[in-house]
Amino acid sequence: MQHIALTLIAQLFLIFGLAGLFWPEKFVAAFQLLMYPWSSSYRLIRINSIGSLSLAIVLAVGILLRTL
């Protein structure tokens with residue numbers, strides 16, 4: 001059951017990471033709400049998307065190493 005939860009979390013990170021890279025204009029409103037005192041920019045959204053993708057890769061590698 002833990003593998004299913006970790007796999008789901010990794011896939012969510014992957015989905016939001018790719019969506020942030022391909023369509024950053026869709027995430028501007030959400031980032032303006034989440035990061036209220038600071039202004040959100042496409043650069044900030046892309047940096048967060050790359051971080052999300054790297055976290056998805058780390059989780060996927062962790063899942064693969066646990067099963068081996």
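Bear in mind these aren't lab numbers, they're just calculated from the coordinates by the rules spelled out. Quantities reported herein were computed from a predicted structural model and do not represent experimental measurements.
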Fill in the blank from the handout: Long-range share for the chain, i.e. C-alpha pairs more than 14 Å apart as a percent of all pairs, stands at 60 percent
Problem - In sequence order, calculated HN-Hα J values of the range 21-28 (Karplus, 6.51, -1.76, 1.60; Hz; x Gly/Pro) - result: 6, 7, 10, x, 5, 6, 9, 4
Fill in the blank from the handout: In Å, the C-alpha Rg and Dmax of the range 29-68 are 14.6, 45
